[in-house]
1. Residue by residue through the range 80-86, what is 3J(HN,Hα) from phi via Karplus (6.51 cos²θ - 1.76 cosθ + 1.60, θ = phi - 60°)? Round to whole Hz and write x for glycine and proline.
2. Short version: ³J(HN,Hα) in whole Hz for each residue of the range 61-73, in order, from phi by Karplus 6.51 cos²θ - 1.76 cosθ + 1.60 (θ = phi - 60°), x for Gly and Pro, what are they?
3. Return the sequence-ordered ³J(HN,Hα) values of the range 96-107 in whole Hz as given by the Karplus equation 6.51 cos²θ - 1.76 cosθ + 1.60 applied to θ = phi - 60°, using x for Gly and Pro.
4. In nm, to one decimal, how far is the Leu86 label point from the Arg42 one, both placed 7 Å along Cα→Cβ?
Amino acid sequence: MQLNRKLNLLLSIAGMCLTAGLLGAAEIAGSFTLPVQTEWGRAVLPPGNYTFTLDRATLDGHMLIRRGNDGVALLMAQGMEETSTLGGSSLRIVAGKVRSLHLAPAGLTYSYGFSHEETRTLISGVPRSPGVSVAITTK
């Protein structure tokens, strides 16, 4: 499999779309599948199916990532930007590392591992290759 295919995967999306106002106070839950080993923060995630919960759609929200019933990582984003509510939610993976999580129903993109300027460049109109799709629900 080519490096680009490993890093930029597109999987089917299924999820509930709600307004950003409703999601701001709600817990957001989702799922994704990693076909290759991927770093997210300090966690090294082997290929497989994962679920996550974000306790609130704010910069200081805590994201718990689980594989099956086991918690494998507790993460906080380094940055957050308001972005489009159009399209699907996705993980952006660059060089084997998660760089952003776009939550389309909330209209938010969380960044990981980039400086503020790199985050703005990533989120702005720079052409992007597909990432790993994320299914989103709210509780």
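1. 8, 10, 6, 9, 5, 9, 7
2. Once θ is set to phi - 60°, the couplings for the range 61-73 become x, 9, 10, 9, 9, 10, 10, x, 8, 8, x, 10, 7 Hz.
3. With the stated coefficients, the range 96-107 comes to x, 10, 5, 10, 7, 10, 9, 9, 4, x, 8, x Hz.
4. Once both label points are built, they end up 4.0 nm from each other.
Here, each number is a calculation from the coordinates, and none is a lab measurement. What you see is a predicted model; the values in this text were computed from it and never measured. FYI the Cβ positions are ideal-geometry reconstructions off the backbone, even for glycines, and counts take in every protein chain you see.
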